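Here, each number is a calculation from the coordinates, and none is a lab measurement. Note that the structure is predicted; figures quoted are calculated from it, not measured. Using ideal geometry, Cβ is built from the backbone for each residue, glycine included, and neighbour counts are taken over all protein chains shown.
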Amino acid sequence: MSIDPVLINKINKKISEENQLENLADEILDYLKKKDLDQLNTEERIKLIESILLKIKI
Amino acid sequence: MKFNIIEWKSVGLRCPDFNIKISKNDKTFPSFIQMPNGTGKTTTLSLLKRSLYNHEFKSKEVWDYSAKKKEEFKKEGYFQIKCEVEGKIFYSKINFNFENKTCSYESSTDDGGWKSEFSLPNQISRIINREIIELLFVDLEKDIKPMFRENQTGAQEAIKTFCKINLIDRFIADLDTYKTKKRKENVQRGSTMNEIKTEETRETKILNQIEKINNKIEESKKYLNETEDQYKNGKDHLRSKLEKDSNIKKQLDDLQKKKEDAQSNYDKSLLSNFNTIKKIGTYESDLKKEITDFVSGLDDMQLPEAEARVFFEALIKRENCVCGSHLDDNKRNNIIKEMESFISSDNAGIISQIKNSINQNSKEASLNDLDKISSEIQENKHILDTYIEEIKYLTKSQLTKEDLDLSEVIKNLEKKRKEEELFLKVITKKPYTSRDDENSESLVSLNEQKQKVEKELARLSKTQSIEEKVRYLTRILEEAKRDSEIEISNEITIECNKKLKEMALSNPLFVNSINENIKLENMEGVDQSEGSTGQEARIGIIFLLTILERSSIKFPLILDVPVKGMDFDARLRTAQFISKLDSQFIGFVIDSDKENFTDKFKEITNNSNNYITCYRREDETKEFDDLAKNFNYPPHENSNAHVVYDYEFFNKFKKEGEQKEESK
């Protein structure tokens, strides 16, 4: 993973503080990683965003 | 992501016709390029930068790149760079036409051809930008300064890019696009569609204004950066002229102190006047009656909001409206909307404050003599103006015509710089108020307006659930981004200071913090607004090395005279730090940089290095041609340049007068 470890920790911490499921943080980081490597086309981007939003409990 | 420069070539330009190959045995080792003064280091560095971002060349600038010697002048010329990203080769070329004073870009394509435009491979085009290039291709004498300047954000931008914090912004942009897409898919009809169109038009205006303000911010930062030296040097020059004569300096200091006292007295009298005229009870005119009548009028109308709200709230609870018609949900919603726009809580707050203030101040019984206050103000203003004039007169008497012209230039610069600073520090950061519209120059306000419009659009298109979740996630991501920036900046500060301590400098400066720019402190921890060129250069290099070490982006670092102004211990440490760098390193050096730096680097890295010497071929450099022949590197007879790839030649090469020029 080439994203700075501090950023990864902060995202994990925020998600946990907000009492969201741990796998939400995993999916966000997976999205960022794929974005970084330019691995997302429009279809995959929408699919991943929908999956992330679905996991958010407000 | 690894990005290396492999080779560059200049033909028919101001700098000699060099073809410099950086890779050695297909490897890009740290490279030291010895280029004597006058060989075109600055020109080469600027062309290296411009070949990696799309630069708009002005005709004067194009002309500046033409060969200056009559016999060397050519109508056309070019600069070409060969690079490698993730093992893939690409070229970027700038073609100059000196007759028309124009230039154009050419770039290589994936299939081995060329296209007539500036273009970079995808892998780096999303990372590379002008700011990053300017940050990492550095002339230590002039490029490092902006990292330490107020209003400049180069250091912060570098952290965001190299630690990939910018990915968060790109994710948030994707979320925005997704939200808009979903909204558009949820087609509405009739009047709702019209409302959506109105809100969308407003959203477009807000987005355009945000873009405009961001461009203006960049322009302001650029202006402040470009005028900083002229402003500071001009001020220092004028000050030194005035302080040359100790008697005049004493007189000026004395006048300055008196002027400050007079300014303070004048401010006090103005404040006292404002406080007095607020007290309505002290008025004898009809104004007092008019103001108290105004407050009574507000009370009669049951204003502000608190009272007006009662009417609306009572209305929405009724079966029928005051006009007699039946109130359905639609009409009730309209009334609620109208109630909110009838008087905003901000406006109600202001009216309430005015009412309270008038009610309180009307009770003031004693009468104030406004005439007396007015004459006090006049007197204080007169004293202040007198001192201002005396300072002006004394200053004028000590300066020459040129200095007075300079003084005028500096005064105008000061005025414009203050305007730009006000724009950056205050106007763009003003909080949102309900009176703001899409022409606001505050980014805070525009973003707030954008959010309000998006909320309304989500309501109209019935996509509130998506809008709410996107807003929630955006907030979490922005908080994570902000906290990461703070923590990474702190860690980089600690790492920089560790390296600076290792350098064991005699008069060291340290990094206090890295917010938008790098803030400095001395050994005792006291803030330093700036350091000397040498001190800032050292800290700048350490900052860049630290950030590149931390990052997974392996981008070349090019330094022009990397150890200028450093003592031998610091040179050795710098060589050690550079030897540990994973990114490509290219250093432009002159003879005086070699001792305890390039030689020590050779010892540390054995053969994993590259020593190149480039010189302009002229009558007086014939001895170098002879030396090159001895090293089996004979020059091309017709070329105006020569490049030698040999460490021993690098060591023996010494241009007469260089040491002397350098020490100036």
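Over segment B:362-479, with a single point scatterer placed on each C-alpha, what log10 of the ratio I(q)/I(0) does the Debye formula yield at q = 0.14, 0.18, 0.22 1/Å?
-0.87, -1.05, -1.17
For chain B, what is the mean residue ellipticity at 222 nm derived from helices alone (per DSSP H run of n ≥ 4: -39500 (n - 2.57); sum divided by total residues; nearest 500 deg cm²/dmol)?
One gets -18500 deg cm²/dmol as the mean residue ellipticity at 222 nm.
Given +1 on the Cβ of Lys and Arg, -1 on the Cβ of Asp and Glu, and no further charges, what dipole in debye does segment B:487-636 carry about its Cα centre, rounded to the nearest 20?
About 460 debye.
Using a Förster distance of 35 Å, how high is the FRET efficiency between B:Ser513 and B:Lys244, based on the Cβ-Cβ distance and rounded to 0.05?
0.40
How big is segment B:25-116 along each principal axis, measuring the range of its Cα positions in Å and listing the largest first?
Computed over segment B:25-116, the largest-to-smallest principal extents equal 41, 34, 22 Å.
Of B:Leu242, B:His326, B:Asn606, which is farthest along the charge dipole of chain B in the positive direction, counting Lys and Arg as +1 and Asp and Glu as -1 at C-beta?
B:Asn606
Calculated FRET efficiency, B:Asp626 and B:Ser579, Cβ-Cβ r, R0 22 Å, to nearest 0.05?
With a Förster radius of 22 Å, E is 0.10.
Quote to one decimal, in nm, the extra length available between B:Ile391 and B:Glu71 on full extension: 0.36 nm per residue of separation minus the C-alpha distance between them.
109.7 nm
Express the Stokes-Einstein translational diffusion coefficient of the protein assembly as shown in µm² s⁻¹, to the nearest whole number, given a Kirkwood radius over alpha-carbon pairs, 10 °C and a viscosity of 1.306 mPa s.
Diffusion coefficient, whole number: 50 µm²/s.
Output the Kirkwood hydrodynamic radius of segment B:544-642, Cα pairs only, in Å rounded to one decimal.
Kirkwood hydrodynamic radius for segment B:544-642: 15.4 Å.
Counting other Cβ atoms within 10 Å, keep those with at most 15, restrict to DSSP loop, and tell me which trypsin sites (Lys or Arg not before Pro) in segment B:234-276 are left.
Those that pass, being in a loop and sparsely packed, are B:Lys244.
Please go through segment B:568-664 and write out the GluC sites (Glu not before Pro) that DSSP classes as loop and that have at most 13 other C-beta atoms within 10 Å.
For GluC sites (Glu not before Pro) across segment B:568-664 that sit outside H, G, I, E and B with at most 13 neighbouring Cβ atoms in 10 Å, the list reads B:Glu618, B:Glu637, B:Glu656.
What value does segment B:396-463 have for Rg/Rh, both radii from Cα atoms and Rh as Kirkwood defines it?
1.42
Taking R0 as 60 Å, what FRET efficiency do you get between B:Ile351 and B:Thr102 from their Cβ-Cβ distance, rounded to the nearest 0.05?
0.45
Do any of A:Lys55/B:Lys519; B:Lys88/B:Lys184; B:Lys58/B:Lys221 go past 31 Å between their Cα atoms, and which?
Violating the 31 Å limit, Cα to Cα: A:Lys55/B:Lys519; B:Lys88/B:Lys184.
Just tell me how shielded B:548-559 is by partners: mean number of partner chain Cβ atoms within 10 Å of each residue's Cβ, no decimals.
1
For B:Val322 and B:Asn607 in one chain, what is 0.36 nm times their gap in residues minus the Cα-Cα distance, to one decimal in nm?
Here the segment from B:Val322 to B:Asn607 would lengthen by 93.2 nm.
Helix by helix, which DSSP H runs in chain B go 20 Å or more along their axis at the Cα atoms and have an average Kyte-Doolittle hydropathy of 1.0 or more?
Helix filter hits for chain B: none.
In square nanometres, what is one fourth of the surface area of the convex hull spanned by the alpha carbons of chain B?
Mean orientational projected area (chain B, Cα hull): 42.8 nm².
Can you compute log10 of I(q)/I(0) for chain A with the Debye formula, treating each Cα as one identical point scatterer, at q = 0.15, 0.25 Å⁻¹?
These q points yield log10 I(q)/I(0) values of -0.44, -1.05.
Looking at segment B:568-645, which chymotrypsin sites (Phe, Trp or Tyr not before Pro) are DSSP coil and have at most 12 other C-beta atoms within 10 Å of their C-beta?
none
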